[in-house]
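Shown next, in structure tokens, is the structure this report addresses.
The values are calculated or read from the model by the stated rules, or taken from the named source; none is laboratory data. Note that the coordinates shown come from a computational prediction; the quantities given were computed from them, not determined experimentally. Virtual Cβ from ideal backbone geometry, glycine too; neighbours counted across all protein chains shown.
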Amino acid sequence: MEFNHKPVLLNEVINGLNIKPDGIYVDGTLGGAGHSIEILKNIPKGLLIGIDRDEDALKAAKEKLKDFQNVKYVHGNHDDIKEILEDLGIDRVDGILLDLGVSSYQLDEKNRGFSYMQDAKLDMRMDKTQKLDAETVVNTYSEQELAKIIYEYGEEKFSRRIAKNICEERKKCKIETTSKLVEIIEKSVPLKNNGHPAKRTFQALRIEVNDEIKPLYNCIEDCIDCLKPSGRLCVITFHSLEDRAVKEAFVQAQGVCTCPPGLPYCMCGKVEKGKIITKKPILPSEEEQEENTRSRSAKLRIFEKS
């Protein structure tokens, strides 16, 4: 399947990065290279580092960007950005983009097992070389662990009922396909629930399999540390858990005094690493939301290193 990708908030990202023609930029979620190709058009004398944990994405991006020579491709995780840049012999960069979440290709490619709309083997791994997959989570995690994950990562109020029914069904037969899991979820969630009943649970399992939330706060901190003065970090999120982690990391990096009120001067040792450019997140225009329905939940936040 072709790795199609319609970049979300493209113009806003390009403007937000404040690109220098000779700068060094990182696309930490290379994906279909929709954002990267526009960055490269603006850095004729610069360098782009494209990182992705999905080998299919890297392969497709290399083909799409074959006319550009100033690209370094890395099969890795943006959570390890400090180590990746160190391995490349690069100390600081001028800008970083993180377009978080699952790509359109991963959702649409049946064999990846991300979608509740297609029957496939339970997988959901962004990096197919890792061991943990959705089948393992569904069939080996305890009822309490499943309920916690589905509630926290999926914000699903019927998480306990879903977890209980999963555990009851797997006693009879191992749960190996997306369709079987959807069937269990549909029996657990009232029909009046908004949207597809499996949407939240599938999101939760995907986040757990790919460890998308726990390292995110530290990843944002590391990205800011890797920026040159006046360098910018642009982060696109697609659900509240991601956005909350990014917002908190930005606020902390801007410098938050935790001293009790009334002290004559700050004693907590707050560190100001820069400033938040977007006081409120940038949202897609109505036109973009109509053209690309997957952009509707997107939020862009931007931070500038001091």
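Go through the residues of the range 247-258 one by one and say whether even a single one is crowded, with 20+ Cβ neighbours inside 10 Å and in contact with a strand residue (DSSP E or B) (Cβ under 7 Å, 6 or more places away or on another chain).
Filtering the range 247-258 for residues crowded, with 20+ Cβ neighbours inside 10 Å gives 249-250, 253.
In the following step, the residues that additionally are in contact with a strand residue (DSSP E or B) (Cβ under 7 Å, 6 or more places away or on another chain) were identified as 250, 253.
Within the range 247-258, one or more residues are crowded, with 20+ Cβ neighbours inside 10 Å and in contact with a strand residue (DSSP E or B) (Cβ under 7 Å, 6 or more places away or on another chain).
In the list 40, 10, 17, which residue meets the criterion of being aliphatic (A, V, I, L, M) and either closer than 18 Å to residue 73 by Cβ or modelled with pLDDT under 95 (or both)? Quick ask: steps written out before the conclusion?
Numbers: 10 fails: either closer than 18 Å to residue 73 by Cβ or modelled with pLDDT under 95 (or both); 17 fails: either closer than 18 Å to residue 73 by Cβ or modelled with pLDDT under 95 (or both).
Sole residue among the options that is aliphatic (A, V, I, L, M) and either closer than 18 Å to residue 73 by Cβ or modelled with pLDDT under 95 (or both): 40.
Name the residue, out of 95, 89, that is out of contact with any Ser or Thr (no Cβ under 9 Å at 6 or more places or on another chain), surrounded by 15 or more Cβ atoms within 10 Å (Cβ to Cβ) and farther than 26 Å from residue 198 by Cα.
Working: 89 fails: surrounded by 15 or more Cβ atoms within 10 Å (Cβ to Cβ).
It is 95.
Report whether or not residue 73 is buried (at least 22 other Cβ atoms within 10 Å of the Cβ), at pLDDT 95 or above and either assigned by TED's automatic domain parsing to the domain that holds residue 222 or not β-branched (Val, Ile, Thr) (or both). Show your work before the answer.
Details: buried (at least 22 other Cβ atoms within 10 Å of the Cβ): no; at pLDDT 95 or above: yes; either assigned by TED's automatic domain parsing to the domain that holds residue 222 or not β-branched (Val, Ile, Thr) (or both): yes.
When the stated conditions are applied, residue 73 does not pass them.
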